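The values are calculated or read from the model by the stated rules, or taken from the named source; none is laboratory data. Here the structure is a predicted model, which is why all the values come from computation and not from measurement. Note that each Cβ is placed from the backbone with ideal geometry, even for glycine, and that neighbours are counted across all protein chains shown.
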Amino acid sequence: MLGRWVKEQQADDSQAFRGNGKLTPELEEIKKLRGQVKRLQMENDILKKATVFFAAETK
């Protein structure tokens, strides 16, 4: 593991030791997109529940 860290440090100084909050641009985008997916799923669930509620209310 230490050898891998040394290689990462030598290869790209800004991306080495990413465990300290330094994410690659790809991982940052994935994190952002996962957050958006979660938010959209929550909004979709709310709309489904509202549809059921209003459909039951009109009967």
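Residues in the stretch 24-48 that are β-branched (Val, Ile, Thr) and part of a helix (DSSP H, G or I): ILE30, VAL37, ILE46.
Only a single item in (1) among the hydroxyl-bearing types (Ser, Thr, Tyr); (2) in a loop (DSSP other than H, G, I, E, B); (3) at pLDDT 80 or above is not met by THR51, and it is number (2). Would you be able to say whether some residue in the stretch 4-18 is assigned to a helix (DSSP H, G or I), modelled with pLDDT of 85 or more and surrounded by 10 or more Cβ atoms within 10 Å (Cβ to Cβ)? For the stretch 4-18, residues assigned to a helix (DSSP H, G or I), modelled with pLDDT of 85 or more and surrounded by 10 or more Cβ atoms within 10 Å (Cβ to Cβ): absent. Among the residues of the stretch 19-47, count how many are modelled with pLDDT under 75 and among the polar types (S, T, N, Q). Within the stretch 19-47, residues that are modelled with pLDDT under 75 and among the polar types (S, T, N, Q) number 1.
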